[in-house]
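First comes the structure, then the notes that go with it.
We did not get these values from a lab; they are worked out from the coordinates using the rules stated. Quick caveat: nothing in here was measured; it's all calculated off a predicted structure. Positions of Cβ are generated from backbone atoms using ideal geometry, with glycine treated the same way; all protein chains shown enter the neighbour counts.
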Amino acid sequence: MVRAVLRHAGALRIDHIIGLFRLWWVPAGMGPTDGTYVRYDHEAMVGVLLLEAQRAGAVVIGEDLGTVEPWVRDY
C-alpha cells in the first residue's frame, strides 16, 4: 500500500504514527477494558516504510501529537 501511495506523491504524512507500532485490540464480544495493546516490530515497520520512501524519492512525516512512547520520536 505504501508503494502504491508513493507512486503518486512526493511526501506521505501518517497521522497518529503510533498506530504503525501498536493497536488496541478488543476480543469479539468483550468490552474496551478487556482489550490490550498488540505491538508490532517497529524496526521492521520503519524499515519497510523508509525503503519504499527512498525508492520513490519521497519524504515521510509522522504526526506524534498526544501520548507516544519516547523512542517513537527517535525516528
### Query
Given 70, 56, 12, which one lies farthest toward the positive end of the charge dipole of the stretch 2-74, if we put +1 on the Cβ of every Lys and Arg and -1 on the Cβ of every Asp and Glu?
56
## Note on the structure
The percentage of Cα-Cα pairs in the chain separated by more than 14 Å is 65 percent
### Summary
Summing +1 per Lys or Arg and -1 per Asp or Glu among the other residues with Cβ less than 11 Å from residue 15's Cβ gives -1
### Query
Near the amide H of residue 22, under 5 Å away, which other amide H atoms are found, from residues 5 or more places off or on another chain, if H is placed in the peptide plane?
40
